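Written below as structure tokens is the structure these notes are about.
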Amino acid sequence: MAALPLDAVLDRVDVLSGRPRTISDLGGGLTNTNLRVTTDDGDYVVRLSANTTGLLGIDRDAEYANSVRAHAAGVGAEVVAYLPEEHVLVIRFLPGRTLDAADVAPRTARIAAALRALHAGPSFVSDFDMRTIRRRYLDVVLAEGFPIPADYLDLAPAYERLEDALALEPESFVPCNNDLLAANFIDDGERIWIIDYEYAGQNEPSFELGNLASENGLDEAQTAALVTAYWGAPDDRKVARALAWALLARYGWTLWAAIQTAVSEIDFDFASWGMEKYAVAREAGLDGTLDTLRVRLGAPR
């Protein structure tokens, strides 16, 4: 079945149908197109998702349900409509400043407060575990013959040992966003909002903190400040846990980028993005960083 024209899709949304509207492209989406639609009754964001995202393990029904629950937690935007057959999610537009990576470290305390609110909110309907997801992505790239770095698999044993160290003291799962690029934070001057729940699921809070640090280029001191603000006290083992997850995330997202490079129609250099992740993961796998983190996590030398 051919996709409906945009106007026909928007006319299927009650709050948009039959109203004069203006449409602008918000940009920024790596697996979807985000449009701001303004009517005489308000502003909305319409997310149009690509059909190819199934290879990435994205469940759009779960994204919708988790977005509703994030709003209930007081952290996410209100969900206005969901058209699963058209791969469309409509949320209320949140006014405020969309953050850049440089904005994250100065807002550590406020971001940590927003994360605590999200993590204390209603449970999400899905799980997210990078260890499992990385293996699923690897199955995809190997089955499809998508290119990956030549020595990617050589690092697997070292990263699996780090995963074993993380398993020594697992954290209870909480509702996490799992994809906290700076652009998924909106600061309205009073609170920090968190948007985009396509990878959301129950997960360890330390993954959320570590992946956030990775996506926004936080160094170890900045990561430690984030971890301390979140947990309320300094804890080197929690810092090590966040740093370990940050590296495991980079190692896993490298495969995500390989899949997107092969299948996405979005105008974005996924290959370079993935290689930036891999360069850090590779260095840590070769210079002893992973073994140091294992010891900090309580694993035997």
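Quick one: if the Förster radius is 25 Å, what FRET efficiency do Arg19 and Arg97 give, using the C-beta to C-beta distance and rounding to 0.05?
For Arg19 and Arg97, the calculated efficiency is 0.35.
For a test of the definition: using alpha carbon positions, the gyration tensor, and the 1.5 limit on a/c, classify the range 145-185 as rounded, prolate or oblate.
oblate
Normalised by the residues of the chain, what does the relative contact order come to in percent, with Cα pairs under 8 Å and at least six apart?
Value for the chain: 18 percent.
When only DSSP loop residues count, what GluC sites (Glu not before Pro) in the range 156-202 have their Cβ near at most 16 other Cβ atoms within 10 Å?
Glu171, Glu190
Per DSSP H run of at least 4 residues, take -39500 (n - 2.57); add these up for the chain, divide by its residues and hand me the 222 nm value, nearest 500 deg cm²/dmol.
That calculation yields -14000 deg cm²/dmol at 222 nm.
Suppose we keep just the alpha-carbon trace of the range 6-94; what are its Rg and Dmax in angstrom?
So, for the range 6-94, Rg and Dmax equal 12.8, 39 Å respectively.
Whole-Hz ³J(HN,Hα) for each residue in the range 237-251, computed from phi via Karplus 6.51 cos²θ - 1.76 cosθ + 1.60 with θ = phi - 60°, x for glycine and proline: what do you get?
5, 5, 5, 4, 5, 5, 5, 5, 5, 4, 6, 5, 5, 4, 5
Specify the angular offset, from 0 to 90 degrees and rounded to the nearest 10, of the alpha carbon long axis of helix 270-286 from the longest principal axis of the alpha carbons in the chain.
20 degrees
Kindly give the semi-axes, whole Å and largest first, of the ellipsoid equivalent to the chain, taking each as the square root of 5 times a Cα gyration tensor eigenvalue.
For the chain, the semi-axes come out at 34, 23, 16 Å.
Gain in length, Glu163 to Asp139, computed as 0.36 nm per residue apart minus the alpha-carbon separation, to one decimal in nm?
Going from the current span to full extension adds 6.8 nm.
Just to verify a number: FRET efficiency for Asp61 and Leu286, C-beta to C-beta distance, R0 = 41 Å, to 0.05?
The computed FRET efficiency comes out at 0.50.
Quick one: give the max-minus-min coordinate of the C-alpha atoms of the range 48-184 along each principal axis, largest first, in Å.
That gives 46, 39, 30 Å along the principal axes, largest extent first.
What is the order of Ser49, Ser24, fewest Cβ neighbours within 10 Å to most?
Ser24, Ser49
What does the C-alpha gyration tensor say about the overall shape of the range 155-301? Classify as rounded when a/c is under 1.5, otherwise prolate if a/b is larger than b/c, or oblate.
Oblate, since a/c reaches 1.5 and b/c is not below a/b.
Bear in mind these aren't lab numbers, they're just calculated from the coordinates by the rules spelled out. Remember, it's a predicted structure, so these values are computed and weren't measured experimentally. Glycine gets a Cβ as well: all are built from the backbone with ideal geometry, and neighbour counts include every protein chain shown.
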